[in-house]
Amino acid sequence: MTRGAAAVPRRLGRPKDVAAAETQQRLLSVARRAFAKDGYDATTNREIAEAAGITSGAIYHYYPSKAELYVAVYAEVQQIVYGAFNEAILPRQGLLARFGATLDAAVELNREDPSIAAFVVGVASEAQRHPDLRDRLAPLRTMDKNFLARLARDAKENGELADDVDAQALEDLLNAVLSGLARFSNQTGDNARHAAAVDALKRFLAGTLMRR
């Protein structure tokens, strides 16, 4: 460098922790799509690593096993889904309005990323086949139960339900409807049909589906 010339500042890359966080997020997204498409058994760490642009060995820097990676994907999906659901019902009052907003949020999530619903649909069967996964997932399976239980409990406490309707029965019904529509959406791969089914259900509940 010529004497007296100003030193050119060295261009810095992304901080290591930022790059690591981005890699981890990419890893979770790739793994979610792989688990949703091929299932837990057929998905390999090598496949996930190649899609994420890292080496197979690098996965273990983030997750010590495929089971831990699956659990991490599940935890992220729970945050995505129930974060969207809670935001959707925030301005709504009453069971029908709140559950309708939940269904609409599910349609929007599926439109943006079908792998979310596809992953969720497969969780129950994967947990049945793999007791180690079931035990790891059990502590995390609270957001869905708490959310639907809150809808049912609020409806009961607000006097919206008939006296002989049990809040637990309502919670079970909401769960069956929500999970059934997710399964239907995943099986058909048709977001428009999913949205149309949700609209028909909302009209059925509102009493506007049938010709008077």
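Quick look at the numbers
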read-out: Wholly within region 122-212, helices (runs of 4 or more DSSP H) carrying at least 3 residues that are under 16 Å from the mean Cα position of the chain (by Cα); value: 143-157, 167-188
read-out: Tally of residues being more than 21 Å from I80 (Cα to Cα), of a type in the set (S, T, N, Q) and out of contact with any Phe, Trp or Tyr (no Cβ under 6 Å at 6 or more places or on another chain) across region 17-68; value: 5
read-out: Pair list, Cβ < 7 Å and 6+ apart or interchain, from region 196-212 residues that are free of Cβ contacts under 8 Å to residues at least 24 places away in the same chain and within 16 Å of G94 (Cα to Cα) to residues that are in a loop (DSSP other than H, G, I, E, B) and of a type in the set (F, W, Y); value: none
read-out: V198 vs. criteria surrounded by 12 or more Cβ atoms within 10 Å (Cβ to Cβ), β-branched (V, I, T) and closer than 15 Å to A101 by Cα; value: yes
read-out: Positions within region 42-62 being touching a residue at least 24 places away in the same chain (Cβ under 8 Å) and either in contact with an Asp or Glu (Cβ under 9 Å, 6 or more places away or on another chain) or hydroxyl-bearing (S, T, Y) (or both), in sequence order; value: Y62
read-out: Top-ranked residue of region 109-120 - restricted to ones that are under 10 Å from the mean Cα position of the chain (by Cα) and free of Cβ contacts under 8 Å to residues at least 60 places away in the same chain, ranked as surrounded by the fewest Cβ atoms within 10 Å (Cβ to Cβ); value: D113
read-out: Inter-residue pairs, beta-carbon under 7 Å, first within 17 Å of Y62 (Cα to Cα) and of a type in the set (G, A, S) and in region 10-28, second modelled with pLDDT of 90 or more and part of a helix (DSSP H, G or I), 6+ apart; value: none
read-out: Pairs with Cβ under 8 Å, 6+ apart, first in region 140-160 and touching a residue at least 60 places away in the same chain (Cβ under 8 Å) and closer than 14 Å to I89 by Cβ, second assigned to a helix (DSSP H, G or I) and among the charged types (D, E, K, R); value: L151/R98; L151/E171
read-out: Residue match in region 134-150 (condition: β-branched (V, I, T) and surrounded by 17 or more Cβ atoms within 10 Å (Cβ to Cβ)); value: no
read-out: Selection status of A124, within 27 Å of K37 (Cβ to Cβ) and either at pLDDT below 95 or of a type outside the set (G, A, S) (or both); value: yes
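The values are calculated or read from the model by the stated rules, or taken from the named source; none is laboratory data. All figures in this text were calculated on a predicted structure; none of them were measured in a lab. Neighbour counts run over all protein chains shown; Cβ positions are idealised from the backbone, glycine included.
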